[in-house]
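Enquirer: Could you have a look at this structure, given as structure tokens, before my questions?
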Amino acid sequence: MPLFRQSKYRHIYCDDPKPEACWSGFRLSTSAGDSQFVKASAKYCCVSLVGGGGPVGVFNLSSPQKFPVAACPLLSGHSGTVIDFDWNPFDDSMLATASEDSDIKIWSIPENWGCPSGDRTVLDESLVTLEEHRKKVMYLRFNPTANNVLASVSSDETVKIWDIEKGCSVSSFDEMPDLGQDVVWDVKGDNFATSCKDKTIRIHDARTASLSNTITMAHEGIKSVKLTYLNDSGKLLSVGASKQASREIKVWDLGNLSKPLATHKIDNGAGVMYPLFDNDTYVLYLCGKGDGNIRIYEFEDKGDYIFKLNDGYRSTQPTRGIGMVPKRGLNVMKHENARLLKVTSSGLSPLSFYVPRKSEAFQDDIFPDCAAPLSAHTADEWLAGSSKPPVTMSLNPADQGNSPIKDGTPKKAFKTVKSLSADLDEANKRIAYLESKLKEANIEY
């Protein structure tokens, strides 16, 4: 792997955040596991907390603060610890949570949630509860193009695909031989990949959850294997460990999975590694649990495929979890190219990565179009076979008038079975009332 190569992102850097830019004052969950422990939309971020009711702290990205004792804004609706969560890519206020109680809950975060007020904010009623898993649910991932489609992995050794608006699963893969370790969608949401404790990576047809291909003994070590699709290049990246327990990256060609295209040794660290891949810039941020450092690579579809950019971000503060803020939530006019949220023993820190530029103008060469918060198709269209790339938008503030997102357009109401039943009851009462009035007036109908 070459030490340096020509790249627009070669000099990307990150400074340590100031204390006033961080979130603290809450007690993080102590549950073991290898999920990311933090996820973010363009408006909010969330972490799992210790306490009854499976509390989840949900914070406004624009309002970092140290919370007073017992004043952290949280969700509390599970009967067990929340293990994983994911934000709906088309609704910055919709969160799915997965718990040890085997349930998945869908939440809608109210406007202005998490802004400084001094009052404790608690939300204890979810929109939907999905209850088909028999054991704890470990991973959740929303489909990147189809609205309200969610994938879940449970320790009951199943993977389910859900239509959350209908409140039921639409397909299920019930033949996982052991505990799942990760699940990721491809760019169009047509397929998803899973890793498993049996060291096999499986590629699934997303609409049926059926198996379409496998990589046996993808990594020989016992560490959890984490995955990411490398945009629409037809390549899959996996991070695991070798037989000698050294951490490694492998790049796979989805057209020929017989052997990896490239293998890169990282180090002999002990923690699970999380690959955070930026689909727009092809930059990979690699961070290990328990590590202080974040390594930065760039993907190019040739040669060694993965190229180290620089020495990355260095810190003595161990990482408990890490997640990435969507591109729409960045300060592009200050050339912020990525923002990672790092969970530590003391709280949550935002790590902003900048590309140094002298100009204060928008830099279109380092900010290509990114995924917009608009679905390419509905869940029913997707299930019927519709296949589309994500809807994209420009990050240039000057182009906002041409954006596919129109300000002032009301958000489509999320119809749950409960709300539809209530609407039906109300309609039946209205019909009965009108019929009684017709009878009183001796009017036939």
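Enquirer: Please verify whether Asn147 is over 28 Å from Asn268 (Cα atoms), assigned by TED's automatic domain parsing to the domain that holds Glu248 and touching a helix residue (DSSP H, G or I) at 6+ places or on another chain (Cβ under 8 Å), treating the condition exactly as stated.
Expert: Details: over 28 Å from Asn268 (Cα atoms): yes; assigned by TED's automatic domain parsing to the domain that holds Glu248: yes; touching a helix residue (DSSP H, G or I) at 6+ places or on another chain (Cβ under 8 Å): yes.
Spelling it out, Asn147 is indeed over 28 Å from Asn268 (Cα atoms), assigned by TED's automatic domain parsing to the domain that holds Glu248 and touching a helix residue (DSSP H, G or I) at 6+ places or on another chain (Cβ under 8 Å).
Enquirer: When the residues of region 60-99 are filtered to those that are of a type in the set (D, E, K, R) and crowded, with 19+ Cβ neighbours inside 10 Å, which remaining residue is nearest to the chain's Cα centre (by Cα)? Let's see the steps before the verdict.
Expert: Residues of region 60-99 that are of a type in the set (D, E, K, R), as a first pass: 66, 84, 86, 91-92.
Subsequent filtering for residues that are crowded, with 19+ Cβ neighbours inside 10 Å retains 84, 86, 91-92.
Numbers: Asp84: 10, Asp86: 5, Asp91: 12, Asp92: 11 Å.
Across region 60-99, the extreme among qualifying residues is Asp86.
Enquirer: All but one of (1) under 21 Å from the mean Cα position of the chain (by Cα); (2) buried (at least 16 other Cβ atoms within 10 Å of the Cβ) hold for Lys308; which doesn't?
Expert: With (1) under 21 Å from the mean Cα position of the chain (by Cα); (2) buried (at least 16 other Cβ atoms within 10 Å of the Cβ) applied to Lys308, the lone miss is (1).
Enquirer: Further question on the same structure: Any idea which residue in region 140-192 is farthest from Asp103 (Cα to Cα), counting only those that are β-branched (Val, Ile, Thr) and touching a Pro at 6+ places or on another chain (Cβ under 9 Å)?
Expert: Keep residues of region 140-192 that are β-branched (Val, Ile, Thr), which gives 145, 149, 153, 158-159, 161, 164, 170, 183-184, 187.
Checking the rest, the ones that are also touching a Pro at 6+ places or on another chain (Cβ under 9 Å) come to 145, 187.
Working: Thr145: 24, Val187: 27 Å.
Out of the qualifying residues, it is Val187.
Enquirer: If you don't mind, another one. Which residue out of Val187, Val183 is touching an Asp or Glu at 6+ places or on another chain (Cβ under 8 Å), crowded, with 16+ Cβ neighbours inside 10 Å, in contact (Cβ under 8 Å) with a residue 24 or more places away in the chain and β-branched (Val, Ile, Thr)?
Expert: Answer to the check: Val187.
Enquirer: A follow-up question, please. So Thr30 clears everything in (1) part of a loop (DSSP other than H, G, I, E, B); (2) touching a residue at least 40 places away in the same chain (Cβ under 8 Å) except one condition, right? Which one?
Expert: The number of the failed condition is (2).
Enquirer: Among the residues in region 257-271, are any buried (at least 21 other Cβ atoms within 10 Å of the Cβ) and either under 24 Å from Lys39 (Cα atoms) or not assigned by TED's automatic domain parsing to the domain that holds Glu20 (or both)?
Expert: no
Enquirer: Another question about this same structure. Which of the residues that make up region 205-245 are out of contact with any Ser or Thr (no Cβ under 6 Å at 6 or more places or on another chain), buried (at least 17 other Cβ atoms within 10 Å of the Cβ) and in a strand (DSSP E or B)?
Expert: Listed by number, the residues that qualify are Ile215, Lys226, Thr228, Tyr229, Lys235, Leu236, Ser238, Val239, Gly240, Ala241.
Enquirer: Here's another thing I want to ask about it. State whether the residues of region 161-170 include one that is charged (D, E, K, R) and under 21 Å from Leu227 (Cα atoms). Step through it out loud before you land on a result.
Expert: Quick first cut of region 161-170, residues charged (D, E, K, R) only: 163, 165-166.
Filter again for under 21 Å from Leu227 (Cα atoms), leaving none.
Within region 161-170 (the criterion being charged (D, E, K, R) and under 21 Å from Leu227 (Cα atoms)), the answer is no, since none of the residues qualifies.
Enquirer: Kindly check whether there is at least one residue in region 173-181 that is farther than 19 Å from Lys39 by Cα and either of a type in the set (Val, Ile, Thr) or out of contact with any strand residue (DSSP E or B) (no Cβ under 9 Å at 6 or more places or on another chain) (or both). Give the steps one after another, and end with the answer.
Expert: Of all residues in region 173-181, those farther than 19 Å from Lys39 by Cα come to 173-180.
Those still in the list that are either of a type in the set (Val, Ile, Thr) or out of contact with any strand residue (DSSP E or B) (no Cβ under 9 Å at 6 or more places or on another chain) (or both) too: none.
Looking for residues that are farther than 19 Å from Lys39 by Cα and either of a type in the set (Val, Ile, Thr) or out of contact with any strand residue (DSSP E or B) (no Cβ under 9 Å at 6 or more places or on another chain) (or both), one finds none in region 173-181, hence no.
Enquirer: Now, a different point. Given the conditions (1) under 28 Å from Ser76 (Cα atoms); (2) within 21 Å of the chain's Cα centre (by Cα); (3) surrounded by fewer than 20 Cβ atoms within 10 Å (Cβ to Cβ), report the number of the one that His133 does not fulfil.
Expert: Looking at each condition in turn, His133 falls short on (3).
Enquirer: Condition first: more than 20 Å from the chain's Cα centre (by Cα) and modelled with pLDDT of 95 or more. Now tell me which residues in region 222-234 satisfy that. Talk me through it step by step, then tell me what you get.
Expert: Going through region 222-234, the residues more than 20 Å from the chain's Cα centre (by Cα) turn out to be 222-223, 233-234.
Within region 222-234, Ser233, Gly234 qualify.
Enquirer: Take region 385-405 and flag every residue that is in contact with a strand residue (DSSP E or B) (Cβ under 9 Å, 6 or more places away or on another chain), modelled with pLDDT of 95 or more and over 14 Å from Lys327 (Cβ atoms).
Expert: If the condition is that a residue be in contact with a strand residue (DSSP E or B) (Cβ under 9 Å, 6 or more places away or on another chain), modelled with pLDDT of 95 or more and over 14 Å from Lys327 (Cβ atoms), then Ser386, Ser387, Lys388 are the ones that fit.
Enquirer: Only one residue in Ser41, Ser48 is small (Gly, Ala, Ser), touching a helix residue (DSSP H, G or I) at 6+ places or on another chain (Cβ under 8 Å) and either more than 18 Å from Lys342 (Cβ to Cβ) or buried (at least 22 other Cβ atoms within 10 Å of the Cβ) (or both). Which one?
Expert: On the way: Ser48 fails: touching a helix residue (DSSP H, G or I) at 6+ places or on another chain (Cβ under 8 Å).
Answer to the selection: Ser41.
Enquirer: Ok, one more. Would you point out the residue of region 343-400, among those that are aromatic (Phe, Trp, Tyr) and assigned to a strand (DSSP E or B), that is surrounded by the most Cβ atoms within 10 Å (Cβ to Cβ)?
Expert: Within region 343-400, the first condition is being aromatic (Phe, Trp, Tyr), and the residues that meet it are 353-354, 362, 367, 382.
Then drop every residue that is not assigned to a strand (DSSP E or B), which leaves 353-354.
Working: Phe353: 23, Tyr354: 18.
Here the residue is Phe353.
So that you can scan it fast, the table gives a plain yes or no per residue for (1) within 19 Å of Cys22 (Cα to Cα); (2) touching an Asp or Glu at 6+ places or on another chain (Cβ under 7 Å); (3) without any contact (Cβ under 8 Å) to a residue 60 or more places away in the chain:
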| site | (1), (2), (3) |
| --- | --- |
| Ile322 | yes, no, no |
| Lys327 | no, yes, no |
| Val332 | no, no, no |
| His335 | no, no, yes |
| Leu341 | yes, no, no |
| Ser352 | yes, yes, no |
| Lys358 | no, no, yes |
| Asp364 | no, no, yes |
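The values are calculated or read from the model by the stated rules, or taken from the named source; none is laboratory data. Please read these numbers as outputs of a predicted model, since none were measured by experiment. So basically every Cβ, Gly included, is an ideal-geometry build from the backbone, and we count neighbours across all protein chains shown.
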